[in-house]
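Taken together, the values in this text are just the output of simple stated rules run on the coordinates, not laboratory data. Just so it is clear, the structure is predicted and the values come from calculations on it, not from any experiment.
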Ligand code: SF4
């Protein structure tokens, strides 16, 4: 009888101990979960803060470069421009589009790619599943050549350091060179755009994709399929999914 009572009491004690252990384990697991969530949050916030600080610094540096060249008269286009068109977009962009030179609309507004060709470029960007404000857009020349004539070699030589500085500050993952002048200037080649497009080249260690200029697409809509091919290569590299139907 005595032995049975002792067994009953040890079994009760064991049950209590087990319940206590289970409770403690449960509390420990909950606390670990909370801790790991909080650590992830802290990590994520730090990355976000770092990115924001970088974007602010790059934005300020770009603004300074823009201010420094506001009165530029290094080539004759300085005398005929209405507005200098420095560039526009995200100073921390992974993708930069470089065109040829401002046209009449751009000269009037002081912004790149705002005319019909600009609308075409916006469509291309949106088909990539991103918005215009997430990329950076600029040109080889910052001032409009009269009657939209082709840029002259001496104008390109005078203006190119500004573009180099922009690209250095933004340090994108990919540059998309729009049209012959942008591609040939950045790649230092005379190879035609039709032979350059379709694959990545390298500009100062940055992947560069040459493709047709949006203005060319307005005159030759059949070339859109080639631009779409080039853009898809860029999207694959950036891990983007198309929204084009
Ligand atoms: S095109 Fe370039 S180099 Fe020529 S005046 Fe304009 S900013 Fe200066």
Checklist outcome for this item: quick note, region 69-238, DSSP beta bridge pairs, % antiparallel (nearest 5) is 30 percent
Checklist entry - Stretched out fully, how many nm does the piece from residue 133 to residue 149 gain, at 0.36 nm a residue minus the Cα gap? => result 2.9 nm
Next on the checklist: Restricting to Cα pairs below 8 Å that are 6+ residues apart, what does the relative contact order work out to for region 69-238? Please round to a whole percent.
Outcome noted: 24 percent
Checklist entry - Over region 69-238, with a single point scatterer placed on each C-alpha, what log10 of the ratio I(q)/I(0) does the Debye formula yield at q = 0.09, 0.12, 0.15 1/Å? => result -0.26, -0.47, -0.77
Item to check | Share antiparallel - DSSP beta bridges, region 154-245, percent rounded to 5 | outcome: 40 percent
Checklist entry - At what distance in angstrom do the alpha carbon centres of region 55-76 and region 86-114 lie from each other? => result 14 Å
Item to check | Theoretical gain in end-to-end length, residue 219 to residue 204 [0.36 nm per residue, Cα-Cα removed] | outcome: 2.2 nm
